[in-house]
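First up is the structure itself, then whatever we jot down about it.
The values are calculated or read from the model by the stated rules, or taken from the named source; none is laboratory data. These numbers come from a predicted model, not from an experiment. Cβ: placed from backbone, ideal geometry, glycine included. Neighbour counts: every protein chain shown.
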Amino acid sequence: MSVANTVNLPKLRLYPKKVISPQIYDFLRKHITETTIKPGTLLSENSLSVHFNVSRQPVREALMRLSYEGLLSVLPQRGSIVERISVSELVQTVFVRTAIEKECVLNITKLDERTKRHCLNQIEKVLDQQHNISHDDNLKSNYLSLDDLFHERLCALSNAPMAWNTIQSIKGQMDRIRFLSFETEGHADGVTHEHDEIFERLKANDIDGTLELLTEHLSQIIKTHKPIMKRYSDWFSDGSSSFSDD
């Protein structure tokens, strides 16, 4: 099946001095999580290699990585289909992500003052960007990048880059709901306010308060998905409805 028959992808400028596969992966993941590529869309290795003007190998590697993250399923002899959102996987993702981020925050007590001050300054810079972001047509994409950066900076308190990399690799389902939730007016302002509160507790060395707010903040998406699922019911997998009233 031709990609042109399923989704109209923009061109991608590939940088030959960088590895090709991660560039294609980032491009496809962005368009899946930002809902340009909808659930049920069939992606063909051949068509994508033509679209990107590359061999099939880097395309295959990118598709396999997306499949590993649960965003695609590989159909033998047919291609890869974009998965629908699984609420059960979403709940598990929230649990694992919360556990990792809380452990990262706890590590602040082990940092020397210079490193701690640097980490807090980096978090504060992200908050400044969130407060000053332009509410234009690119708000969703730009704000979600800053949202991720805020949490990446929290994870940096661990001195373990693997922490954020692990979260990033499991939160594809979550990211699609995050993107769709921006249809709610004032959503960005609400998220920024929650980030402010988490940072103020952290800066005041109130670790218990920070962890409590962080847990509440990350669990909000469990409630957020319900109106999204009602509006986009065909985007969710069978069985998701059994979790909708929890």
**Fill in**
Apart from one, (1) within 27 Å of TYR232 (Cα to Cα); (2) out of contact with any Asp or Glu (no Cβ under 7 Å at 6 or more places or on another chain) all hold for CYS119; the odd one out is (1)
**Residue tally, condition among the β-branched types (Val, Ile, Thr) and either at positive phi or more than 20 Å from the chain's Cα centre (by Cα) (or both), over the range 167-205** = 0
**Asked** Which of (1) modelled with pLDDT under 95; (2) more than 26 Å from ASN132 (Cβ to Cβ); (3) out of contact with any strand residue (DSSP E or B) (no Cβ under 9 Å at 6 or more places or on another chain); (4) in a helix (DSSP H, G or I) does SER181 not meet, given it meets every other one?
**Response** (2)
**Request:** Sort out which residues of the range 85-123 are outside any helix (DSSP H, G or I) and at pLDDT below 95, and write them in order of number.
**Result:** ILE85, SER86
**Prompt:** Given the conditions (1) within 15 Å of MET162 (Cα to Cα); (2) surrounded by fewer than 16 Cβ atoms within 10 Å (Cβ to Cβ), which single one is not true for THR115?
**Reply:** (1)
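Residue under question is THR224, and the condition is that it be at pLDDT 95 or above and either polar (S, T, N, Q) or touching an Asp or Glu at 6+ places or on another chain (Cβ under 8 Å) (or both); does it hold?
Working: at pLDDT 95 or above: no; either polar (S, T, N, Q) or touching an Asp or Glu at 6+ places or on another chain (Cβ under 8 Å) (or both): yes.
So THR224 fails the test.
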**Fill in**
When the range 58-84 is checked residue by residue, the ones that are modelled with pLDDT under 90 and among the basic types (Lys, Arg) are ARG78
**Message:** Tell me the residue from TYR25, TYR15 that is within 26 Å of SER88 (Cα to Cα) and not β-branched (Val, Ile, Thr), please.
**Reply:** TYR25
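Just to be sure, is VAL126 in contact (Cβ under 8 Å) with a residue 12 or more places away in the chain, closer than 14 Å to HIS195 by Cβ, more than 14 Å from the chain's Cα centre (by Cα) and not in a strand (DSSP E or B)?
Working: in contact (Cβ under 8 Å) with a residue 12 or more places away in the chain: yes; closer than 14 Å to HIS195 by Cβ: yes; more than 14 Å from the chain's Cα centre (by Cα): yes; not in a strand (DSSP E or B): yes.
Against the criterion (in contact (Cβ under 8 Å) with a residue 12 or more places away in the chain, closer than 14 Å to HIS195 by Cβ, more than 14 Å from the chain's Cα centre (by Cα) and not in a strand (DSSP E or B)), VAL126 qualifies.
Does the range 33-53 include one or more residues that are of a type in the set (Val, Ile, Thr), modelled with pLDDT of 95 or more, farther than 30 Å from ILE221 by Cα and surrounded by fewer than 18 Cβ atoms within 10 Å (Cβ to Cβ)?
Applying the first criterion (of a type in the set (Val, Ile, Thr)) to the range 33-53 yields 33, 35-37, 41, 50.
In the following step, the residues that additionally are modelled with pLDDT of 95 or more were identified as none.
No; the residues of the range 33-53 include none that is of a type in the set (Val, Ile, Thr), modelled with pLDDT of 95 or more, farther than 30 Å from ILE221 by Cα and surrounded by fewer than 18 Cβ atoms within 10 Å (Cβ to Cβ).
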**Prompt:** If you check ASP189, ASP196, which single one turns out to be touching a residue at least 40 places away in the same chain (Cβ under 8 Å) and charged (D, E, K, R)?
**Reply:** ASP196
**Complete:** Restricted to the range 118-160 and to residues being surrounded by 17 or more Cβ atoms within 10 Å (Cβ to Cβ) and among the hydroxyl-bearing types (Ser, Thr, Tyr), the residue farthest from GLU103 (Cα to Cα) is TYR143
**Request:** Take the range 15-30 and flag every residue that is part of a helix (DSSP H, G or I) and at pLDDT below 95.
**Result:** LYS30
